[in-house]
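Report on the following structure.
The values are calculated or read from the model by the stated rules, or taken from the named source; none is laboratory data. This one's a predicted model, so the numbers in the text were calculated from it and none came from an experiment. Virtual Cβ from ideal backbone geometry, glycine too; neighbours counted across all protein chains shown. We work out accessible area using only protein heavy atoms, side chains counted, and drop any ligands, DNA or RNA first. Shrake-Rupley method; radii C 1.70, N 1.55, O 1.52, S 1.80 Å.
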Amino acid sequence: MNIQLLLEALGLQENAAQTLADDLRGQIAKLQGLLRDAETHLEHLAITRKTVTALADQLPTQDASADLPEHPDYPRILAIFNQATSPLRARDVCEALDHELLPKNIEGTRAKLKRLVKVGILTEIDTGNFARQ
């Protein structure tokens, strides 16, 4: 076998390995930059959390349940509004409470919603549409 052919084949393999190593070094450099950015972002988030927590400790606490009238539906109604992404009607709340959709139940729920508006927990955006303050 000719030594020259072996050396040429070895040279091709060396070139391919060198190209791969150069590509990998480039990817590593890019990933290191992304990692630095992510670590910086994490540090900023930690500082923000610390600041918000410190500010939250200075705010007066407001216990909404202290203003609630006595009835087991009120905490459940608030839980429904806490999960809502848009204003709700009395019928929607009645349905979420698993009450039968009878006029007396819907009107009773509407009265509860109006009471929550009076104590400042809910707001009536327009006639019959309620949302959290």
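Annotations for the structure displayed:
- Extended-chain gain in nm, criterion 0.36 nm per residue less alpha-carbon gap, GLN18 and ARG76: 14.2 nm
- The residues of the range 8-60 have, on average, 92 Å² of accessible surface per residue, using a 1.4 Å probe with all protein chains present.
- Only helical runs count toward this figure. For the chain, summing -39,500 (n - 2.57) over DSSP H runs of n ≥ 4 and dividing by all residues gives -23500 deg cm²/dmol at 222 nm.
- Within the same chain, lysines fewer than 8 places from LYS114 are excluded, and of the rest, those with a Cα less than 25 Å from its Cα are LYS104.
- Per-residue packing, averaged as other Cβ atoms within 10 Å, sorts the ranges 28-37, 96-105 into the order 96-105, 28-37, beginning with the highest.
- Accessible-area composition of the chain, carbon plus sulfur, in percent [1.4 Å probe]: 56
- The chain - Rg (one decimal) and Dmax (whole number), Cα, Å: 32.4, 101
- Based on C-alpha pairs under 8 angstrom that are at least 6 apart in sequence, the chain has a relative contact order of 16 percent.
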